Every structure is written in structure tokens, then in C-alpha cells.
């Protein structure tokens, strides 16, 4: 069994809220922001959102949440830093947090990762005792692999034909937003494996599972928290599942018409975060 006394990774708000300042926006102090489609679109910053974050950086606590497991935390810190947002590792939330917890709880020490080299390095750093390779793999971990090859598909498909192999996926998103159009994401890969080997993941991490929020709900009153994102199926559903208010931004995937038929409407709907005071 894997033992590690460093606590959950990444070390999100391990010792309380980031700042002890009394500021807020519309009564909200803790902002959990989706990234792609909310803060930026691909490599292009969403101007209003970036200006809002920078303007309110000293007033509120910002956390950045992405289901995208094609890269490790260092890449997100660098990308946000290039936009003038001085994010730290403890402000990043991702499916890696509950995934690592699950690996430790279940004692999985050997796994085959269908994922990018960058994410493989991040996962190895998070759980150094975890052997990543096909030899005697106890599990297959399906991440957002933008370096996917047929060899990876072959190896993972063979492993998944063994009923004892645990099947895990980092998140359920069907597509990843891109300025040129949506791209196949883990949810699409899951459909491929279902057709090929007749299996679905035993656990899917990330949004909309509230576990992706880590310790945040215990650090702030729910009424002081808000989640902002551009997707109803993941971002809004996460907020609903966690009992937290939701801001829908129309700077990414969702359109205002998509709200028709929604049982619970967003707390706010804005073109982008720049419309907030």
C-alpha cells in the first residue's frame, strides 16, 4: 500500500483561506474559476476576465479549476503568470487531487497511464511510489492524452480485457474547447473504449464531482463561495452538486438559450467575468 505523509496533492488551502482580508465581490469572497472558456480560450486570454481577476486579486481568494489533464500544474502557473495572474500551486484544483487520494486509499501501486508526458511527470511527482507502466498494471488511468498513439490504445485495451484491471478516468468531458472548434476529450475516449472492450470506468474524477474542490467547502461558508464556468454539464452541475452559487459565463461553450429547461438557473449570467463589479 502507498503511504505518504505529505497530505493531499496539490496542497490546496491546506492551512486555511489564502488571505485574511475582508474584501468581497457581490458578497462572494472565494471564487472558483474554470479556466478554458472562462479565463482564456485556448492560448488567448479573455480580456474582461483577466482584468477582473487582476483588479480583485487583493480583495478575494481565487482558485483555478480545470478538468484538463493534458498538462501538469507548472504549465498552468506559467500560462496564468503570462497573463499577469500570479497564481500559486495551492490555488490550482484538478482531477489529480481526488485521483491521487483514490490511488492511496485503494493501495494501487502500478498503473498504465494513457496520458501526455507532461501529465505523466506530474502524476509521478504527486505519487512517487506509483509505478507507471504496463507491467503487472493494477489499473488503467485514462487522461486527456493529446499525444495519443495506437500503441497506447493497444496496450490499454489489452489490459482492460482483464476483469481485475481497475479502470479510472480523470474526467468526463466529451470535448475540449479550441478556437478552431471542439476537440475529442476523455469522454470521447471513454466511448471508444466502451465500443472496443465493452467497459466503462469504475471511477471518473473531476467536475462535476465535488471531491475536486478538495478542502475548500470546509474553509469558507457556502454563501461566500461561487463557481464560475462556461459549461452547464460540468461547471454548473458541480456547483449544484456542491450547493454553491454558480456564475455562467458566455465567453466559452454555453449560450444563453442553453438555460431553457434548467431546473435551477445560475446565480448570475454574464458575457464574461469582466461584467462583475
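The values are calculated or read from the model by the stated rules, or taken from the named source; none is laboratory data. Predicted model only: the values in this text are computed from it and were never measured. Because the Cβ atoms are built from the backbone with ideal geometry, glycine has one as well, and the counts that use them run over all protein chains shown.
Which of (1) outside the structural domain of residue 191 (by TED's automatic domain parsing); (2) at pLDDT 95 or above; (3) crowded, with 21+ Cβ neighbours inside 10 Å is the odd one out, the single condition residue 86 does not satisfy?
(3)
Inside the stretch 114-127, can you point out the residues that are free of Cβ contacts under 8 Å to residues at least 40 places away in the same chain and surrounded by fewer than 16 Cβ atoms within 10 Å (Cβ to Cβ)?
If the condition is that a residue be free of Cβ contacts under 8 Å to residues at least 40 places away in the same chain and surrounded by fewer than 16 Cβ atoms within 10 Å (Cβ to Cβ), then 117, 124 are the ones that fit.
Filtering the stretch 193-219 down to residues that are part of a helix (DSSP H, G or I) and free of Cβ contacts under 8 Å to residues at least 24 places away in the same chain, which residue is farthest from residue 142 (Cα to Cα)?
Only one residue tops the list, namely 218.
Among the residues of the stretch 131-158, how many are closer than 25 Å to residue 174 by Cβ and not in a helix (DSSP H, G or I)?
Adding up the residues that qualify gives 11.
Output the residues belonging to the stretch 221-231 that are touching a residue at least 12 places away in the same chain (Cβ under 8 Å) and surrounded by fewer than 19 Cβ atoms within 10 Å (Cβ to Cβ).
222, 223, 224
Return the total of residues in the stretch 243-258 being at negative phi and modelled with pLDDT of 95 or more.
7
Within the stretch 173-186, which residues are more than 19 Å from residue 159 (Cα to Cα), at pLDDT 95 or above and crowded, with 20+ Cβ neighbours inside 10 Å?
185
Out of everything in the stretch 259-276 that is more than 22 Å from the chain's Cα centre (by Cα) and part of a helix (DSSP H, G or I), what residue ends up being surrounded by the most Cβ atoms within 10 Å (Cβ to Cβ)?
By that ranking, first place goes to 274.
Hey, among 123, 159, which residue is under 18 Å from residue 97 (Cβ atoms) and in contact with a strand residue (DSSP E or B) (Cβ under 9 Å, 6 or more places away or on another chain)?
On the way: 159 fails: under 18 Å from residue 97 (Cβ atoms).
The match here is 123.
Among the residues of the stretch 111-119, are any within 22 Å of residue 213 (Cα to Cα), in a helix (DSSP H, G or I) and not assigned by TED's automatic domain parsing to the domain that holds residue 270?
yes
Let's see how each residue does on (1) at pLDDT below 95; (2) in a strand (DSSP E or B); (3) in contact with a helix residue (DSSP H, G or I) (Cβ under 9 Å, 6 or more places away or on another chain):
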position	(1), (2), (3)
16	yes, no, yes
19	yes, no, no
31	no, yes, yes
52	no, no, yes
77	no, no, yes
